[in-house]
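Rule-based calculations on the coordinates, nothing more; no lab input. Model, not experiment: these values are computed from the prediction. Using ideal geometry, Cβ is built from the backbone for each residue, glycine included, and neighbour counts are taken over all protein chains shown.
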Protein chains: 2
Amino acid sequence: MPATIYDIAKKASVGIGTVSRVLNNHPNVSLKTRERVLKVAHDLNYQPHAYAQGLARKKTNTIAAIIPYFTNYFFLEVLQGIQDKMLTLGYDIMLYGLNENDPEQFETYLLRATQKGRADGIMLFSLRLPDDFTMKYKHINQPFILVDCYHPDFDSITVDNKAGAYAATKHLIDLGHKRIGMINANPISPPAKIRFSGYKTALMESGLSFDEKIYKPSRILKYDGFSREAGYDSMIDMLELPKHELPTAIFVSSDVQAMGVLSAMRDHNLTAPDDIAIVGFDNIELAQHIGLSTISQPMYEMGVLSVGRMLDRLSNRNGSVTHTLFTPKLMVRETCGHYKKNTTMVNN
Amino acid sequence: MPATIYDIAKKASVGIGTVSRVLNNHPNVSLKTRERVLKVAHDLNYQPHAYAQGLARKKTNTIAAIIPYFTNYFFLEVLQGIQDKMLTLGYDIMLYGLNENDPEQFETYLLRATQKGRADGIMLFSLRLPDDFTMKYKHINQPFILVDCYHPDFDSITVDNKAGAYAATKHLIDLGHKRIGMINANPISPPAKIRFSGYKTALMESGLSFDEKIYKPSRILKYDGFSREAGYDSMIDMLELPKHELPTAIFVSSDVQAMGVLSAMRDHNLTAPDDIAIVGFDNIELAQHIGLSTISQPMYEMGVLSVGRMLDRLSNRNGSVTHTLFTPKLMVRETCGHYKKNTTMVNN
DNA sequence: ATGAAAGCGCTAACAT
DNA sequence: ATGTTAGCGCTTTCAT
């Protein structure tokens with residue numbers, strides 16, 4: 001039913017080659033013919049058949065994105081950056097959303113995404129890659145770009161977790177706190193591990209000692225401890241300490257956990273920052289609503305940049321691998337102190 | 001580089017027709033040949049070429065989803081439902097995320113999505129369709145399924161906004177409130193309009209009169225007033241009223257707006273439910289964190305169901321159009337009163 | 001049961 | 001400058 005180049009060719013009394021040339025802006029077509037063909041194409045409301053074009057060009061103009069849903073806000077913003085950029089470049093996005101960090105579903109998606117003629121490249125988000133990943137996928141025909149995760153053998157875009165954790169902790173130190181705890185996710189997760197090291201470094205540099213008693217890695221392992229429940233649990237645990245051993249400030253490894261921490265405090269009739277100051281990490285949308293001080297990642301830009309990296313890779317398969325580190329930004333809001341009523345809450 | 005059916009055919013000493021038959025489980029292939037071909041295919045790590053297959057079959061096994069990003073949580077959950085279901089059916093999802101309800105970008109996406117050979121069907125989310133939509137797209141070759149939006153000419157899955165608004169308002173009435181206000185989004189938006197009618201109906205049925213003074217449609221029009229800012233602004237406006245004219249309870253047309261409403265209250269040293277009880281709509285993830293009573297939509301199920309509808313449509317293009325209405329559920333939490341400490345906040 | 005061949009709609013190399 | 005032809009990798013019809 002829809003028009004093909006054959007229909008155009010017939011109507012314009014030319015060969016399909018000429019039609020193709022016109023449509024693809026190739027030189028060597030007389031102005032007269034070009035215009036005639038263009039007119040017919042327009043009249044027929046012609047649209048190229050995506051798959052036919054892809055098959056002939058050996059290019060899909062599609063990229064696959066595999067993203068765990070639990071990354072939530074982060075996911076959405078990065079995706080938005082990607083989408084905006086992709087659109088202007090004529091690429092489409094095939095979305096593979098992971099329900100949990102389920103290795104099996106991940107494999108299934110990977111298999112589909114890497115299927116011949118499915119996508120030109122693949123973007124992986126916030127995923128912990130299995131050890132044999134390089135072996136299995138390094139020599140595949142599609143480039144991989146990692147966003148918010150790292151592997152030495154593939155291009156990656158990440159945020160400087162250490163710098164972020166350092167900044168958060170340092171800010172608390174500058175505020176005058178001497179006893180600063182940390183509630184961490186599961187340190188098996190690379191970001192959790194690195195955020196911990198940033199926390200520790202800041203402590204050391206300022207001559208504060210690290211106290212195991214006020215460092216709580218997550219006991220709840222779902223989502224690697226990056227959950228509200230895990231934060232709640234850790235804080236309840238923390239609050240078992242005798243009063244004089246409690247920290248006066250806590251750096252929490254993610255905002256969702258911080259949500260739980262704040263709930264736990266509320267349940268103990270404690271408030272932030274008056275009783276204990278809190279700084280989170282991620283700057284999820286929620287953080288601004290509740291005045292949570294946190295570390296903000298330039299998510300949208302990361303998305304945009306990752307597209308650039310993908311295109312570079314597409315046109316130069318063998319260039320050397322690059323790793324881009326974004327520096328996150330401290331967002332001072334109320335839970336860390338210095339809260340100014342009527343400004344912080346509403347305007348940022 | 002990757003193996004094709006020709007490679008298999010040669011190695012297995014058969015014709016490509018036979019290979020194709022084996023791969024597609026057609027009858028009329030001897031067991032012996034079938035096994036031989038299968039083995040070779042496996043040895044060669046054969047994967048069909050998606051586009052070649054699509055071209056030949058005139059089927060892409062892909063569906064396009066056009067979704068405005070601002071729907072946020074709703075978006076994510078519905079998408080998750082869709083994705084899970086799609087995967088089991090061997091369909092892929094092409095994602096077109098809209099940055100705002102921008103008609104131009106929408107057209108662009110629609111054009112891509114409806115491109116020949118791009119997707120078998122198209123799902124539209126939370127989108128207000130232009131008037132000429134039917135004319136332009138009804139007779140296109142791909143079926144449309146509308147989710148969270150309505151148009152008489154296309155299959156749709158929506159939530160019963162009227163019933164939800166009614167339930168919210170009725171609950172406030174049952175709690176003993178006599179003076180119940182509403183903060184609405186922009187009534188130009190169908191859900192806003194319908195939620196308003198549910199609110200009004202509940203009022204009428206209980207013999208309460210509708211008072212213009214405590215009904216505030218949004219003055220801020222971005223996102224049709226479904227935003228935190230709009231809610232904040234409306235509440236500030238509402239609080240101008242002399243004390244005795246203030247409502248004792250307010251039904252807010254969405255949770256994001258309710259966030260703003262609560263902020264505005266906080267800025268006036270008012271709390272919910274003590275000073276004014278609040279019920280929202282949507283049950284976004286945030287709602288549970290802050291104890292916001294609200295109306296919950298079965299988002300995941302809506303996603304799953306929409307896939308079913310799409311497949312029905314794919315196999316029966318001319319069946320009559322169906323509209324499915326999901327009934328939303330009231331989630332009683334603290335902001336409407338009856339808050340029980342240590343249970344509501346943490347456990348649901 | 002199976003091989004050969006046509007066709008899906010396009011691009012690109014090859015003629016002229 | 002333009003028409004013709006050979007793929008792209010697969011499905012499907014037509015012979016045998």
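Across the residues of B:113-119, average count of Cβ atoms on other protein chains within 10 Å? Each step should come with its number before you reach the end.
On the way: counts 1, 1, 8, 12, 10, 7, 2.
Average neighbour count from other chains, rounded to a whole number: 6.
Can you work out the Karplus-derived ³J(HN,Hα) for every residue in the range B:120-137? Use 6.51 cos²θ - 1.76 cosθ + 1.60 with θ = phi - 60°, whole Hz, and x for glycine or proline.
Whole-Hz 3J(HN,Hα) from phi for the range B:120-137: 7, x, 9, 10, 10, 10, 6, 10, 8, 7, x, 4, 7, 4, 4, 4, 7, 10.
Amide H to amide H under 5 Å from B:ALA277: which residues, 5+ apart in sequence or cross-chain, H placed 1.01 Å off N in plane?
Excluding prolines and chain starts, which carry no amide H, the hits are B:ALA249, B:ILE250.
Using every Cα-Cα pair within the range A:69-139, state what percent have a distance larger than 19 Å.
That fraction is 40 percent.
Residues with amide H under 5 Å of B:MET182's amide H, sequence separation 5 or more or different chain, H placed in the peptide plane at 1.01 Å from N; which?
Result for B:MET182 returns B:TYR215, B:LYS216, B:PHE251.
To one decimal place, what Kirkwood hydrodynamic radius in Å is obtained for chain B from all pairs of distinct Cα atoms?
Details: mean 1/r = 0.0437 Å⁻¹.
Averaging 1/r across every pair of different Cα atoms and inverting gives 22.9 Å.
Can you give the calculated 222 nm mean residue ellipticity of chain A, where each DSSP H run of n ≥ 4 adds -39,500 (n - 2.57) and the sum is split over every residue, rounded to the nearest 500 deg cm²/dmol?
-13000 deg cm²/dmol
With chain A treated as a Gaussian network of Cα nodes joined by springs under 10 Å, which of A:LEU270, A:LEU89, A:LEU23 yields the largest mean-square fluctuation?
Result for chain A, Cα springs under 10 Å: A:LEU23 fluctuates most.
Could you give the spread of the C-alpha atoms of the protein assembly as shown along their three principal axes, from largest to smallest, in whole angstroms?
80, 66, 57
Name the lysines eligible as straight-distance cross-link partners of A:LYS222: C-alpha to C-alpha under 20 Å, and not fewer than 8 places from it in the same chain.
Correct list for A:LYS222: A:LYS193.
If you take every DSSP beta bridge whose two residues both sit in chain A, what share of them, in percent to the nearest 5, is antiparallel? Display every interim value, and only then the final one.
Details: 3 of 36 bridges.
Looking only at bridges with both residues in chain A, the antiparallel portion is about 10 percent.
Restricting to Cα pairs below 8 Å that are 6+ residues apart, what does the relative contact order work out to for chain B? Please round to a whole percent.
Worked out over chain B, it gives 16 percent.
If the label for B:THR134 sits 7 angstrom from Cα along the Cα-to-Cβ line, what are its distances to the same label in every other copy, in nm to one decimal, shortest first?
Those label-point separations list as 6.1 nm.
Stretch B:ASN25-B:ASN45 to full length: gain in nm at 0.36 nm per residue minus the Cα-Cα span?
Gain on stretching B:ASN25 to B:ASN45: 5.4 nm.
Mind checking the alpha-carbon convex hull of the range B:5-48 and giving the volume per residue in Å³?
Enclosed volume per residue, from the Cα hull, is 58 Å³.
Where in the range A:47-67 does the label zone of B:LEU111 land, with the point 7 angstrom along Cα→C-beta and an amide N cut-off under 17 Å?
Only A:47-50 fall inside the zone, counting backbone N under 17 Å.
Placing a label point 7 Å from Cα toward Cβ, how far apart in nm is A:LEU325 from its equivalents in the other copies, listed shortest first to one decimal?
Spacings between copies for this position, smallest first, are 5.8 nm.
Using DSSP, restrict attention to beta bridges with both residues in the protein assembly as shown and report what percent are antiparallel, rounded to the nearest 5.
Looking only at bridges with both residues in the protein assembly as shown, the antiparallel portion is about 10 percent.
Under the convention of a label 7 Å out along Cα→Cβ, give the distances in nm from B:LYS32 to the same position in every other copy, shortest first.
Nearest first, the other copies' label points are 6.6 nm away.
Could you pull out every one of the lysines with an alpha carbon less than 26 Å from that of B:LYS116, ignoring same-chain neighbours closer than 8 positions?
The reachable lysines, counting only those whose Cα sits under 26 Å from B:LYS116, are A:LYS10, A:LYS11, A:LYS39, A:LYS58, A:LYS59, A:LYS85, A:LYS116, B:LYS58, B:LYS59, B:LYS85, B:LYS136, B:LYS138.
Counting other Cβ atoms within 10 Å of each Cβ, which chymotrypsin sites (Phe, Trp or Tyr not before Pro) in the range B:159-246 have at most 16 and sit in a DSSP loop?
Loop-located and lightly packed - B:PHE210.
By how many degrees, between 0 and 90 and to the nearest 10, does the Cα long axis of helix B:31-43 differ from the longest principal axis of chain B?
For B:31-43 against chain B, the angle is about 60 degrees.
At 7 Å along Cα-to-Cβ for each site, give me the label-to-label distance between A:TYR6 and A:LEU38 in nm.
Roughly 2.7 nm, to one decimal.
With r defined as the distance between the Cβ atoms of B:LEU208 and B:ASP267 and R0 fixed at 35 Å, what FRET efficiency is calculated, to the nearest 0.05?
With a Förster radius of 35 Å, E is 0.80.
What is the average number of partner chain Cβ atoms found within 10 Å of a Cβ in A:92-100?
So the per-residue partner count for this stretch is 6.
Restricting to DSSP loop positions (anything but H, G, I, E, B) with no more than 14 other Cβ atoms inside 10 Å of their own Cβ, which chymotrypsin sites (Phe, Trp or Tyr not before Pro) remain in the range B:246-348?
The qualifying sites: there are none.
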